[in-house]
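The next block holds one structure in the form of structure tokens; read it before the comments.
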């Protein structure tokens, strides 16, 4: 093992989680030997300690998806511009690779729930309480209406092994040109 690989292994949240667990995630929950396992595991290993998301707490991530590309881009674009706002610079260009997967197990279908509140201070605590209850009941995920795109449908996988048959889809770009508004397209 090279010195650089040793350093990466010591600081990479995904590698640490795969070896010995991290936060609220145990190593045996993660997936191994399947296509795109790194990306699936990273979704769960890289939680935001100071900023939980809609259906994952500070110490455990989730794998978020949508049923169509437009909804996915609306959701990703929202978080992209929030990250740029935190950095104080709305000049960026990024590429995202779409992944297409199936989902296994029993899920909760939420046509209407307080977790769908666009105000994160209200929606995220309600979503996290529901996700904790769902994980406790052995549910694999939550299907919910998109907060960022009317009539869009999103899915949060609560366990790494719930995402199956993952394949890479198209590559898309997002950009901001100095304003908190993004544009996107396919490569």
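Values computed for the structure shown
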item: Among (1) in contact with a helix residue (DSSP H, G or I) (Cβ under 6 Å, 6 or more places away or on another chain); (2) loosely packed, with under 15 Cβ neighbours inside 10 Å - the single one residue 21 does not satisfy; result: (2)
item: Those residues of the stretch 137-168 which are at pLDDT 95 or above, within 22 Å of residue 48 (Cα to Cα) and part of a strand (DSSP E or B), in sequence order; result: 141, 142, 143, 144, 154, 155, 156, 157
item: Exclusive hit being in contact with a helix residue (DSSP H, G or I) (Cβ under 7 Å, 6 or more places away or on another chain) and assigned to a helix (DSSP H, G or I), set 127, 105; result: 127
item: Wholly within the stretch 1-53, helices (runs of 4 or more DSSP H) carrying at least 3 residues that are over 17 Å from the mean Cα position of the chain (by Cα) and either farther than 26 Å from residue 100 by Cβ or modelled with pLDDT of 90 or more (or both); result: 3-11, 13-20
item: Positions within the stretch 169-187 being assigned to a strand (DSSP E or B) and out of contact with any helix residue (DSSP H, G or I) (no Cβ under 7 Å at 6 or more places or on another chain), in sequence order; result: 169, 170, 171, 173, 175, 177, 183, 185, 186
item: Qualifying residue in the stretch 152-163 (condition: under 18 Å from residue 43 (Cα atoms), loosely packed, with under 15 Cβ neighbours inside 10 Å and either in contact with a strand residue (DSSP E or B) (Cβ under 7 Å, 6 or more places away or on another chain) or touching a residue at least 60 places away in the same chain (Cβ under 8 Å) (or both)); result: yes
item: Matching residues in the stretch 95-133 - criterion: being surrounded by 15 or more Cβ atoms within 10 Å (Cβ to Cβ), touching a strand residue (DSSP E or B) at 6+ places or on another chain (Cβ under 8 Å) and over 22 Å from residue 25 (Cβ atoms); result: 96, 98, 110, 113, 116
item: Checking residue 168 against (1) within 17 Å of the chain's Cα centre (by Cα); (2) crowded, with 19+ Cβ neighbours inside 10 Å, the condition it does not meet; result: (2)
item: Verdict on residue 134 being under 21 Å from residue 41 (Cβ atoms), over 16 Å from the mean Cα position of the chain (by Cα) and at pLDDT 95 or above; result: yes
item: Check on residue 139, within 30 Å of residue 187 (Cα to Cα) and touching a helix residue (DSSP H, G or I) at 6+ places or on another chain (Cβ under 9 Å); result: no
item: Test for residue 90: is it within 22 Å of residue 134 (Cβ to Cβ), at pLDDT 95 or above and either surrounded by 13 or more Cβ atoms within 10 Å (Cβ to Cβ) or over 19 Å from the mean Cα position of the chain (by Cα) (or both); result: no
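The values are calculated or read from the model by the stated rules, or taken from the named source; none is laboratory data. In this text the structure is predicted, and so the values were computed from the model without any measurement. Please note: Cβ atoms are built from the backbone with ideal geometry, for glycine as well, and neighbour counts cover all protein chains shown.
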